[in-house]
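The values are calculated or read from the model by the stated rules, or taken from the named source; none is laboratory data. Quick caveat, the model's predicted, so the values are computed rather than measured. Don't worry about glycine lacking a Cβ; one is built from the backbone with ideal geometry, like all the others, and counts go over all protein chains shown. Heads up: the accessible areas ignore ligands, DNA and RNA and are worked out on the full protein's heavy atoms, side chains in. Shrake-Rupley method; radii C 1.70, N 1.55, O 1.52, S 1.80 Å.
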Amino acid sequence: MAANEEVKLFVNGKRIDGRGADEMRAVRIEVGIIPEADGSAFIEWGGNKIVCGVYGPRECIPKHDASPYHAIVKCRYMMSPFASAEEHSKSGPSRRSTELSKVIREVFENLIISEKFPNTQIDVYIDVLQAEGGTRTASVTAAAVALANAGIPMKDMVSAVAIGKADGHILLDLGKLEDNFGESDTPVALSNRDKKILLLQMDGLLTKDEIKKVIEMAESACGKLHEKQADALKKFYEHGENEEFKL
Amino acid sequence: MDKKIVLPGDRIAEGRMNIPNAYTKDNGTYAAVVGTLDNEGHYIALENKYRPFVDDVVIGIVISVRSAGYEVELNMSNTGFIPARMMRMDLSLGDFVLCKIKMVNEVGDIDLGEVRRLPKGKVVQFPSAKVPRLIGRKSSMLILLKEYAGGDIMVGNNGYVWISEKSNVPLLLKVIKHIEKKAHKSGLTDEVSAMLQKETGGKKALPMENPPSAQMNRGMEEQEEEYRR
């Protein structure tokens, strides 16, 4: 692709996949898809398909990780070898998945009321089945739903969205091509009630004014995502099960 | 009554109130887990993790026998412990026991007492947040279940449900699953009654002779006598 310098990501107010600048991809959330897990969720976000399972609080292994003051949160993000067209040909830990596991873990360490469960661990397993840019934000959104489904006490719900810059325009919810060939990619995770920033990374460069605009856009987008999360959870608890789930 | 579902972080009351499964911040009380909120402001959790309290009645499974006592699995992250000096009988691995929580400390160690071994049967998991619905008002649900399925059934606060082998176990499992799904709906006992009548064709089962649950409320002296026998 490097030879093709002429690729335009934003033409006449339309993006490469036909969306407007502040339009998100379609999001579908399902709750309770893994009967054996304490809590689980599935998210389909554009071309991303992610399964999240939550277990615990349970006995902490290895024991020396345990804290007598609070439960520890363990998060494992993994991209399946078949998830996308390139790079992720091997399963198992990599630089990228270790980083993502860490940032997602820190989001939930700030939300879970863990003091009630000393000497235990809470496991959050995230598996990306299909990837098309923005998997870390989709993972955070799905994991929040799975934790609520597991009945783990949390101070707030959280949702996340990636905002970036391509061809000089600030674009909401970057797709794969915009992420790879754009100028900047900034994932933001915001808590629902008080809009606290729980995750903010920046790939590429943005000016101070652009960052302000990014946070503003993230606030409205996360509000919409929270509605989707709430609808999914309400639907699940109305019926008490999720029978017609389809991948 | 109008009920709506609230999510973690939703405001459930003005002012700082001490409500289970909620937390307070800045002169407000917020839900910590998914629950229902009715128009009178009662907040009831739909999902939670069982936290042990002294005097809770729990059902457990013996997972380790040591000279000092027995370790008991209680459907939670910590195991309970029965000191051998409290016991007048021997337990063996895999026994089901009904006991009371005598002590809980801040790191989660649990000591159990008033132990009774349960006869042969099956122990199934049930969400601890929904246990009150399985028992019903004045045990109405349990009485109903026993009427149609026979045998005996006991529920621990920790969410373990013991079913005697004399009961109609497949029927009970089906009904318990149904109660789990519809726990937040009102008129549940009537619905379950209709379901049981349909399943059994209105045929009631014979009550069990001398069911263990009938002895639950006997005094300690009588229980001790039983142990000596």
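So A:Asp38 clears everything in (1) within 29 Å of A:Glu243 (Cα to Cα); (2) crowded, with 21+ Cβ neighbours inside 10 Å; (3) under 19 Å from the mean Cα position of the chain (by Cα) except one condition, right? Which one?
The one condition A:Asp38 does not meet is (3).
Within segment A:55-76, take every residue that is more than 11 Å from chain B (Cβ to nearest Cβ) and in a strand (DSSP E or B) and give me the one that is farthest from A:Pro153 (Cα to Cα).
Among those that are more than 11 Å from chain B (Cβ to nearest Cβ) and in a strand (DSSP E or B), it is A:Arg76.
One line per residue, one yes/no per condition, for (1) assigned by TED's automatic domain parsing to the domain that holds B:Met154; (2) surrounded by fewer than 19 Cβ atoms within 10 Å (Cβ to Cβ); (3) not in a strand (DSSP E or B):
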{"position": "B:Val72", "(1), (2), (3)": "no, no, no"}
{"position": "B:Arg88", "(1), (2), (3)": "no, yes, yes"}
{"position": "B:Leu91", "(1), (2), (3)": "no, yes, yes"}
{"position": "B:Val97", "(1), (2), (3)": "no, no, no"}
{"position": "B:Lys102", "(1), (2), (3)": "no, yes, no"}
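Any residue in segment B:190-216 that is part of a helix (DSSP H, G or I) sitting within a Cβ distance under 8 Å of a residue that is open to solvent by 70 Å² or more (accessible area, probe 1.4 Å) and modelled with pLDDT of 80 or more? List the pairs, counting only those 6 or more apart or interchain.
B:Glu199/B:Lys174
Considering only residues that are more than 11 Å from chain A (Cβ to nearest Cβ), assigned to a loop (DSSP other than H, G, I, E, B), at pLDDT 90 or above and open to solvent by 40 Å² or more (accessible area, probe 1.4 Å), which ones fall in segment B:1-38?
Within segment B:1-38, B:Arg16, B:Met17, B:Asn18, B:Asn27 meet the criteria.
For the subset of segment A:201-233 comprising residues that are within 14 Å of another protein chain (Cβ to nearest Cβ) and either open to solvent by 80 Å² or more (accessible area, probe 1.4 Å) or touching an Asp or Glu at 6+ places or on another chain (Cβ under 8 Å) (or both), which member is farthest from A:Pro35 (Cα to Cα)?
Here the answer is A:Glu227.
Report whether or not A:Ser91 is open to solvent by 20 Å² or more (accessible area, probe 1.4 Å), closer than 19 Å to A:Cys52 by Cβ, at pLDDT below 95 and touching a helix residue (DSSP H, G or I) at 6+ places or on another chain (Cβ under 9 Å).
No, not satisfied.
Anything in segment A:112-153 that is within 14 Å of chain B (Cβ to nearest Cβ), in a loop (DSSP other than H, G, I, E, B) and either touching a Lys or Arg at 6+ places or on another chain (Cβ under 8 Å) or basic (Lys, Arg) (or both)? List them, or say none.
Within segment A:112-153, A:Ile113, A:Phe117, A:Gly151, A:Ile152, A:Pro153 qualify.
Could you run through segment B:42-57 and say how many residues are more than 8 Å from every other protein chain (Cβ to nearest Cβ) and within 23 Å of A:His226 (Cβ to Cβ)? Working first, answer last.
Initial filter on segment B:42-57 (more than 8 Å from every other protein chain (Cβ to nearest Cβ)): B:42-44, B:50, B:52-57.
Checking which are within 23 Å of A:His226 (Cβ to Cβ) leaves us with B:43-44.
The total comes to 2.
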